[in-house]
Amino acid sequence: MKDYEVIIGLEVHAELSTKTKIYCNCSTSFGADPNTHCCPICTGMPGTLPVLNEKVVEYAIKAGLATNCEISRFSKQDRKNYFYPDLPKAYQISQYDLPLCIGGHVDINVDGNKKTIGITRIHIEEDAGKLIHDAYTGDTLVDMNRCAVPLIEIVSEPDIRNADEAVAYMQTLKSILEYLEVCDCKMQEGSLRCDVNLSVRPVGQKEFGTRTETKNLNSFRAIHNLIEFETKRQIEVLENGGVIHQETIRWDDAKGVGYAMRSKEDAQDYRYFPEPDLAPIVLSDEYINDIKNSLPEMPHIKKERYVSEFNLPEYDAEILTASKHTADYFEKATAACNNPKAVANWIMGDFTKMLNEKEIEINESKVTEENLASLICLIDKGTISSKIAKQIFEEMFETGEKAEDIVNKKGLVQISDEGAIKEIVKKVVEANPQSVADYKAGKDRAIGFLVGQIMKETKGKANPQIVNKLLLEIINN
Amino acid sequence: MSISKEEVKHIAKLSKLNLTEQELDKYTNDLSDIVNFANELSNIDVDGIKPTAHILDIKNVFRKDEVQPSYDREQILKNAPSKDAGCISVPKVVE
Ligand SMILES: [Zn+2]
C-alpha cells in the first residue's frame, strides 16, 4: 500500500452572542417556543428591509483581529441562493468576494508540537431555521426562531493533516471565541459547529485529491471520528482502484459511520449576487484600532503571565488558560486565598475529573471560587488535613455547602493537640507489639500500618506531621 | 438564443419547478430576451470605473442591538397552507 497524505480544511460556524438577530430586532435566545422569535424580516416576507446589527460587525472584527486577519476596509454582503424549507427567503445573506476578514492564522499545539494553521477568511452570514421530523404525520415541521441568528464562518486553509490537529484547531478557536465573548461556544446546542473538507493524495503528489464535505459536526469526538473514518474510506477506495466523488458525507455519530449522499452536481450552483437591500460596510482605521485596543488578554499571553506572576509550571498555565471559564475561576480563587499552586492543583485534579463526569463546565459547578479558596485556607491554617479536605470537597461539589459549614457540622477539625494525639499513639503502639517489633527489625512498612491505625482511631482528623513525629519518638524510646 | 433550453431546465430544477415542453420553449425565448436586453450593458466602456457594490451612494447602515417584541405566532403562521405544533408543516425532507 502507498503512503497517503490527508488534506483537511475546516469551515467553522460560530453563532454570535448578540441579543438580536442579524437584520431585525427579534431575540436570539435559545430554547423558546417554536416560531415565537420571528417577524416579517427574518421570515422573508416580501417588501421588508433588513438592517445590519452593528454588534455583528464588531464581533466579527474581534474574531478577525484575534486570529491575525487583515480587516477589510470595504466589504459587502451577497445573496447565496438555494431552495430548502429551513430558508424562508430561498436565499441566505452571506459574503462572497469581499468578506470582513482575510488572511489570518492561529497556532495550535498537538502533544507539545506547535503548528500554524492558516485562516483564509472570516465572513458574516445568517443562520437557517430548524427542521423537526414529525413522527406522527411523517411531515417536516419548520421552526424559524433560528432564522437570521448571526453567524461568522471561519474558513481555514487546507493545512490540517489529521484528526488530532483538527480537534486542536477547533479547541483553539473555541478558546479564542470564549475569551472574546463573541460566541457562547455551546457545541451541543449547535452554537459552534464545523464542516470538514477532506481529501487524500499519495505522498509526493502535488495536486490535491477530490474532496468530500461533511457538514454540521458539533462535538470534538464527532470531528475526530469522522476524520478517521473518512480517511480510511478514501484510501480504501483508491487502493481498490476506485475514484473519489465530490460529494457530501452524512455522519452518524452514534453508529460511527458516514454515508455518502447521492452527488448532486448542480446543488453547488448558488448564483451569488450582491445584496441590493444592504449598504456596503466601510471601516475606518480609527474604528478598527478602537476594537483592537478593547480586546481582552488572549490565552497565550495569559499563559505567560501565569508563569511569571504566579510561578506556575508552563504545563499548569497551559491547562488553566485553555478555557476562559477555568482561567477566570483560577484568578478569582487565587485572589481570595493567595495560594495559586494549591488552586491550580485542585482545579487540575479531582475537580476536573468530577466536572467531566457530570459533563459540566467549571462555571456551572456548585463550588464557588470563594468556597474553594476558603477550603484551601483551612488546609493552610492546619484546621483540616488535606485528606479530610478531599472528603469535604466531594460534599461541596454535590451540595454547594461552604467548607467551614461542613467542617463544623461533621466535627472534622484537625487534631493538632500533641497531648491528645500522644494518648492515641501510645494506645496503638501497646495494642500492636508485633508491628513495633517488625519496625525495629528493619521493616519500614510497619510504620505505615501503625500510622493507619492511629488515623483510624482519630477518624482521619489527626495532624499527620504530629502523628509521625510522636510515633517515632515513642517507638524509638 | 443567448440562453439554451438546457440552462432553463437547470434553473427550473434549482427552483424546484416542473416545466412542460411548451413552457420550456416559452421561457427559453423570454429569458433570452431579458439576457439580451441586459447584455446591452456589456457594450459600454467601463475602463477605469470602480465596480459598484450598491446602486445608491450609501454605506454603513446599522441598527443597535436592542431586542424588540417579535410578532405573535398566529400572525407569523397566518399564510402557511399547513401548520402543526406551532410550526409550518411541509412535505418530509428530514432523513
Ligand atoms: Zn425578526
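One table, with the values for the structure above:
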{"read-out": "Principal axis dimensions, segment A:354-477 - Cα atoms, whole angstrom, descending", "value": "54, 29, 20"}
{"read-out": "Cα pair distances exceeding 13 angstrom across segment A:330-376, given as percent", "value": "50"}
{"read-out": "Interchain or long-range residues, amide H under 5 Å from residue A:184's placed H", "value": "A:17"}
{"read-out": "Lysine pairs with alpha-carbon atoms under 16 Å apart, segment A:418-476, spacing 8 or more or separate chains", "value": "10"}
{"read-out": "Percent of beta bridges antiparallel (DSSP, chain A, rounded to nearest 5)", "value": "95"}
{"read-out": "Size-normalised alpha-carbon gyration radius of segment A:297-410, reference 2.2 N^0.38 Å", "value": "1.03"}
{"read-out": "Probe 1.4 Å - accessible area at residue A:341, Å² to nearest ten", "value": "80"}
{"read-out": "Chain A - percent relative contact order, Cα under 8 Å, separation 6 or more", "value": "14"}
{"read-out": "Extension gain (nm, one decimal) between residue B:56 and residue B:41, 0.36 nm per residue minus Cα-Cα", "value": "3.6 nm"}
{"read-out": "Tail weight of P(r) past 18 Å, computed on alpha-carbon pairs of segment A:55-147, percent", "value": "60"}
{"read-out": "Cα→Cβ-extended label distance, 7 Å offset, between residue B:34 and residue A:472, nm", "value": "9.4"}
{"read-out": "Cα-only radius of gyration and Dmax that characterise segment A:233-320, units Å", "value": "24.7, 59"}
{"read-out": "Cβ-based net charge around residue A:116, under 14 Å, with every Lys or Arg adding one and every Asp or Glu removing one", "value": "-1"}
{"read-out": "The protein assembly as shown: mean projected area of Cα convex hull, nm²", "value": "39.3"}
{"read-out": "Residues of segment B:22-49 with amide N under 11 Å of a point placed 7 Å along Cα→Cβ from residue B:9", "value": "none"}
{"read-out": "Stretch gain in nm, segment residue A:186-residue A:82, where the contour uses 0.36 nm per residue and the Cα spacing is subtracted", "value": "34.7 nm"}
{"read-out": "Segment A:418-476: translational diffusion in µm²/s, Stokes-Einstein, Kirkwood Rh over Cα pairs, 10 °C, 1.306 mPa s", "value": "142"}
{"read-out": "Aspartates and glutamates whose Cα lies under 14 Å from that of residue A:232, excluding same-chain neighbours fewer than 8 positions away", "value": "A:3, A:5"}
{"read-out": "Range of Cα positions in chain B per principal axis (Å), largest first", "value": "54, 45, 25"}
{"read-out": "Phi-based couplings in Hz for segment A:14-21 (Karplus 6.51, -1.76, 1.60; Gly and Pro marked x)", "value": "10, 6, 7, 8, 6, 6, 10, 5"}
{"read-out": "5 angstrom amide H check on residue A:127, placed H, neighbours 5+ away", "value": "A:148, A:149, A:151"}
{"read-out": "In sequence order, calculated HN-Hα J values of segment A:44-56 (Karplus, 6.51, -1.76, 1.60; Hz; x Gly/Pro)", "value": "x, 6, x, x, 8, 10, x, 10, 5, 6, 4, 5, 4"}
{"read-out": "1.4 Å probe, heavy atoms, protein only - residues of segment A:116-144 losing at least 30 Å² accessible area vs chain alone", "value": "A:133, A:139, A:140, A:141, A:142, A:144"}
{"read-out": "Under 5 Å, built H, 5+ apart or other chain: amide partners of residue A:119", "value": "A:104, A:105, A:106, A:157"}
{"read-out": "Segment residue A:19-residue A:161, extension gain: residue separation times 0.36 nm, minus the distance between their alpha carbons", "value": "47.4 nm"}
{"read-out": "Residue list for segment A:174-197, given a label point 7 angstrom along the Cα-to-Cβ vector of residue A:259 and an amide N cut-off under 11 Å", "value": "none"}
{"read-out": "Solvent exposure, largest accessible area first (probe 1.4 Å, DNA, RNA and ligands not counted), of A:272, A:59", "value": "A:272, A:59"}
{"read-out": "Relative contact order [Cα under 8 Å, 6+ residues apart], segment A:131-274, whole percent", "value": "16"}
{"read-out": "Under 18 Å from the Cα of residue A:19 - lysines, other chains or at least 8 residues apart", "value": "A:55, A:62, A:186, B:64"}
{"read-out": "HN-Hα J in Hz across segment A:188-199 - Karplus 6.51, -1.76, 1.60, θ = phi - 60°, x for Gly and Pro", "value": "5, 8, x, 7, 9, 8, 8, 9, 10, 9, 9, 9"}
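The values are calculated or read from the model by the stated rules, or taken from the named source; none is laboratory data. Note that the structure is predicted; figures quoted are calculated from it, not measured. Cβ: placed from backbone, ideal geometry, glycine included. Neighbour counts: every protein chain shown. Please note that ligands, DNA and RNA were not included when accessible areas were found on the heavy atoms of the full protein model with its side chains. Shrake-Rupley method; radii C 1.70, N 1.55, O 1.52, S 1.80 Å.
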